[in-house]
Amino acid sequence: MLNFEFAYARGGFRLDAAARIEGGVTGIFGPSGSGKSTLLLLIAGLLKPQSGSLHLDGDVLVDRARRIFVPAWQRHFGLMFQDGQLFPHLSVRDNLLYGHARLAPSRRLFDLDTVLQLLEIGHLLERRPALLSGGERQRVALGRALLYSPRLLLLDEPLSSLDERLKQQILPFLKRVKDETRIPMLYVSHARAEVEFLADRVLLMEGGQLRQEGAQVATKSVNV
């Protein structure tokens, strides 16, 4: 279970968000500028809240009152951003294995062949990112995140830079990841259709405030 309560302010923007979230895929939906990505960065540990706390499966990752702040690299979360952020000087193979190679074998949930089959990217292994299409880059970025064997997968507008045709190619792969890996995910998007296709529950972000959206959320044990 993911349990967080954050207060964060920067410039003229303020975010106040709290939730208790079970496993599966949680969609965070809202307009651009509402604070969705800021919330994800707070959960990832790439931003530090002025006050609040974050727990995952009983582990305390943030507690500002007790001066606890586990840095991003120690949280073991997988991150996927809208541009993929692949290393341009590395091959697809080396991008995929970047985090995987740094894990002890006992911590690896997946091997390379499993992820290649899941995302259908085996034919891309020797290419560099510059030679990939937008959809291929996003599948490789997703594969890299999975091979890191994360406790939690955070996806920040992963399809927003793609055209509609490529979105329709990638969404089924995300659905397969959800169904076959069982890794809990937070999926941030301003596209309602994406969220409704993937998410087990939906949270709505408006003006830095997080709230549940409809009865569907309440029945999925998400309390905001």
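Among the residues of region 9-35, those identified as farther than 23 Å from THR181 by Cβ and touching a residue at least 40 places away in the same chain (Cβ under 8 Å) are ALA9, PHE13, ARG14, LEU15, ASP16, ALA17, ALA18, GLY30, PRO31, SER32, SER34, GLY35.
Give ASP16, ASP83 a once-over and let me know the one that is acidic (Asp, Glu) and assigned to a loop (DSSP other than H, G, I, E, B). Result of the check over ASP16, ASP83: ASP83.
Taking the numbered list (1) touching a Leu at 6+ places or on another chain (Cβ under 7 Å); (2) among the polar types (S, T, N, Q); (3) not in a strand (DSSP E or B) in turn, SER37 passes all entries but (1).
Going by what's in this entry, would ARG107 be described as in contact (Cβ under 8 Å) with a residue 12 or more places away in the chain, of a type in the set (D, E, K, R), in contact with an Asp or Glu (Cβ under 8 Å, 6 or more places away or on another chain) and over 19 Å from ALA193 (Cβ atoms)?
Considered against the rule, which asks whether it is in contact (Cβ under 8 Å) with a residue 12 or more places away in the chain, of a type in the set (D, E, K, R), in contact with an Asp or Glu (Cβ under 8 Å, 6 or more places away or on another chain) and over 19 Å from ALA193 (Cβ atoms), ARG107 comes out as no.
Regarding region 13-36, can at least one residue be identified that is surrounded by fewer than 20 Cβ atoms within 10 Å (Cβ to Cβ) and among the aromatic types (Phe, Trp, Tyr)? There is at least one residue in region 13-36 that is surrounded by fewer than 20 Cβ atoms within 10 Å (Cβ to Cβ) and among the aromatic types (Phe, Trp, Tyr).
Find the residue count for region 150-179, including only residues that are in a loop (DSSP other than H, G, I, E, B) and at pLDDT 90 or above. Spell out the reasoning first.
Keep residues of region 150-179 that are in a loop (DSSP other than H, G, I, E, B), which gives 150-151, 157-163.
Those still in the list that are at pLDDT 90 or above too: 150-151.
So the count comes out to 2.
Within region 42-57, the set of residues being buried (at least 17 other Cβ atoms within 10 Å of the Cβ) and among the aliphatic types (A, V, I, L, M) comprises LEU42, ILE43, ALA44, LEU47, LEU54, LEU56.
The values are calculated or read from the model by the stated rules, or taken from the named source; none is laboratory data. Because the structure is a prediction, the values reported are computed rather than measured. Because the Cβ atoms are built from the backbone with ideal geometry, glycine has one as well, and the counts that use them run over all protein chains shown.
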